[in-house]
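The values are calculated or read from the model by the stated rules, or taken from the named source; none is laboratory data. Keep in mind the model is a prediction, meaning the values are calculated, not measured. Note that we place each Cβ from the backbone using ideal geometry, even for glycine, and neighbour counts take in every protein chain shown. Only protein heavy atoms, including side chains, enter the accessible area calculation; ligands, DNA and RNA are left aside. Shrake-Rupley method; radii C 1.70, N 1.55, O 1.52, S 1.80 Å.
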Amino acid sequence: MRAVRYLGVNHVELVKDAIKPKPVGDQVLIKIAGAGVCHSDLHVIDHGTVAAPFTLGHENAGYIEELGDSVTGYKKGDAVLVYGPWGCGHCKPCQQSFENYCDHQSERAFGGGLGLDGGMAEYMLVPSSRLLVPIYDLDPVLAAPLTDAALTPYSAIKRSLNKLTPDEFVVVIGIGGLGHTALQILKATTGATVIACDISAEKLDFAKKLGANYVVNSKDTDAAQQIIKITGIKKAKVVLDFVGAPSTMDLGAQVIALHGDLTIVGLGGGSLAVASGKIPFGTSVSLPYWGSQAELVEVVGLARQGKIHIEIEKFPLEQVLEVYDKMRQGKLKGRAVLIP
Ligand code: NAD
Ligand code: ZN
Ligand code: ZN
């Protein structure tokens, strides 16, 4: 079968002779309908943060092709999402559905597409039926990015829901795959006023269409002052940084309110001084990773109600390198999905 293999730093190849896996026990073989392209892949490809070789693609959806002999509750042809962070399945965080925070993460590969074989291929082997989430009538091509581009912002927003009341302001930095979904989740689940930031005028127009109340170009040297002019003296109760670069983390620190939540989702290499005088008293800084499987079920609920819609651009598997280049240049709108 065809598969996009990560073979080492800056070395990605589409191979035609990958072996189609055979599920045993509780394993399930998925016929991939769509695999979303996440910016985290670029951190892996460009910096070698995860050991090669493996098949890329950690945002996956498709149809059940074959079931291991002990799987129950599913049948061939069911449309499913693959929950991405694969924990041990036994520790307390895993038992509570937070496999993204499995106690054993440091001694395991992160999951399919991040150390183990992922979904940029015709078929993908999922190690346990416990990692599947049914999507019912949703189109798996449209739904694939729900597993990360929607789940990650959903989880980041959910932990701050008590602060996102109608009198407060939230700043969303980086309106790409994750950020454009974050705007919709904020609109669907909170009453806060939303300020969107990006460095591209096109992305800022897109943000307005998705319901952002205000947009600010974070390339402007007075971006922080522009945001504070909108919020007034109270500043933004929540900042969601989907870039995580030195400049965006600096911006977040300047606009976060006292007792606010400064949430850094992007892996852009920035760092933050957590000290008095650097961020306001009461600030909670967090570095969330992905989300729980139960939260993914809630995200599917939002999508089935039509409250969130991932803007996708479809590409054949063969164009994977071109898609990564477009992503490096910030030229993708919403999420690119590879169709095997
Ligand atoms: P993307 O490429 O789709 O979008 C990035 C967006 O940020 C683009 O719109 C770009 O124009 C904008 N941008 C770039 N520099 C900027 C700046 N200085 N100020 C404002 N906007 C800027 O990326 P994505 O797939 O949405 O991923 C975003 C980040 O989140 C990446 O770093 C990725 O690795 C990370 N990520 C983290 C998790 C997690 O669990 N923590 C999960 C998924 C992705
Ligand atoms: Zn990702
Ligand atoms: Zn675990």
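The GNM of the chain, with springs linking C-alpha atoms under 10 angstrom apart, assigns the highest mean-square fluctuation among Gly252, Gly73, Gly87 to Gly73. For Tyr324, the shell of other residues with beta-carbons less than 10 Å away shows a net charge of -2, using +1 for Lys and Arg and -1 for Asp and Glu.
Just add up the charged neighbours of Lys22: K/R +1, D/E -1, any other residue whose Cβ is under 12 Å from the Cβ of Lys22. Result for the local shell: -2. Put simply, the stretch 260-324 fits an ellipsoid with semi-axes of 33, 21, 10 Å; these come from the alpha carbon gyration tensor as the roots of five times its eigenvalues, largest first. Taking all protein chains as shown and a probe of 1.4 angstrom, Met1 keeps an accessible surface of around 40 Å². Pairs of Lys residues in the stretch 190-340 are counted when their Cα atoms are under 16 angstrom apart and they lie 8 or more places apart or on different chains; the count is 12. Per-peptide packing, taken as the mean over residues of other Cβ atoms within 10 Å, places 116-125, 10-19 in the sequence 116-125, 10-19 from highest down.
Taken over the Cα atoms of the stretch 186-234, the convex hull encloses 63 Å³ per residue. Look at the alpha carbon pairs under 8 Å that are at least 6 residues apart: their mean separation over the length of the chain gives a relative contact order of 18 percent.
Given in Å, the Rg to one decimal and the Dmax to the nearest whole number for the Cα atoms of the stretch 1-113 are 15.1, 41. Its relative contact order, with pairs defined as Cα atoms under 8 Å and 6+ residues apart, puts the stretch 158-248 at 35 percent. Taking packing as the residue-averaged number of other Cβ atoms within 10 angstrom, the listed peptides 91-98, 174-181, 294-301 run from highest to lowest as 174-181, 294-301, 91-98.
Reported to the nearest whole Å, the Cα centre-to-centre distance from the stretch 125-163 to the stretch 178-253 is 23. In the context of the full set of protein chains, the chain has a per residue accessible area of 42 Å² (1.4 Å probe).
If you model the chain as an ellipsoid using its alpha carbon gyration tensor, with each semi-axis the square root of five times an eigenvalue, the axes come out at 34, 20, 19 Å, biggest first. Among residues other than Asp261 with Cβ under 9 Å from its Cβ, the summed charge is +3 (Lys and Arg +1, Asp and Glu -1). Heavy-atom accessible area, probed at 1.4 angstrom with all protein chains present, ranks Tyr101, Tyr289 as Tyr101, Tyr289, highest first.
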